[in-house]
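In what follows, a single structure is set out as structure tokens and then discussed.
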Amino acid sequence: MNNLPNSALLIATATTRADSTPLCTVVGEIDIQTAAIFRRALIDSLRDGEATLVDLSGVTFFGVAGIRALMVARDYARQRHGSLCISAPRCVNRVLEATGVAADFDLIASQ
């Protein structure tokens with residue numbers, strides 16, 4: 001039995017925008033099977049003292065494991081005097097709001 005995440009469910013890339021802002025783009029489902037990949041992509045995109053833009057506009061499902069990954073990345077960024085700015089669809093924003101952690105992040109509504 002293969003317990004590895006199905007990589008087709010989550011595509012995460014950490015890149016840099018033209019204006020040098022760190023950018024982490026994630027597409028697919030963030031759940032218990034893909035949360036570790038999501039967390040690693042977030043951590044890899046962070047830079048000391050900078051805000052990182054996390055583009056979740058292509059996320060189609062966001063589970064509780066995704067919240068934990070964001071919280072770990074948030075703490076990691078704070079330790080390095082950085083922050084996360086999240087562009088997310090309603091399915092992500094609703095989970096963040098319902099669990100009371102939305103205020104911990106700079107949220108930008110995605111189209």
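Among VAL59, VAL64, the order of accessible area from largest down is VAL64, VAL59, computed with a 1.4 Å probe on protein heavy atoms.
Multiplying the residue separation of ASP19 and ARG90 by 0.36 nm and removing their Cα-Cα distance gives an extension gain of 22.9 nm.
The values are calculated or read from the model by the stated rules, or taken from the named source; none is laboratory data. None of the values given here were measured: they were computed from a predicted structure. Side chains included, ligands, DNA and RNA excluded: accessible areas come from the protein's heavy atoms. Shrake-Rupley method; radii C 1.70, N 1.55, O 1.52, S 1.80 Å.
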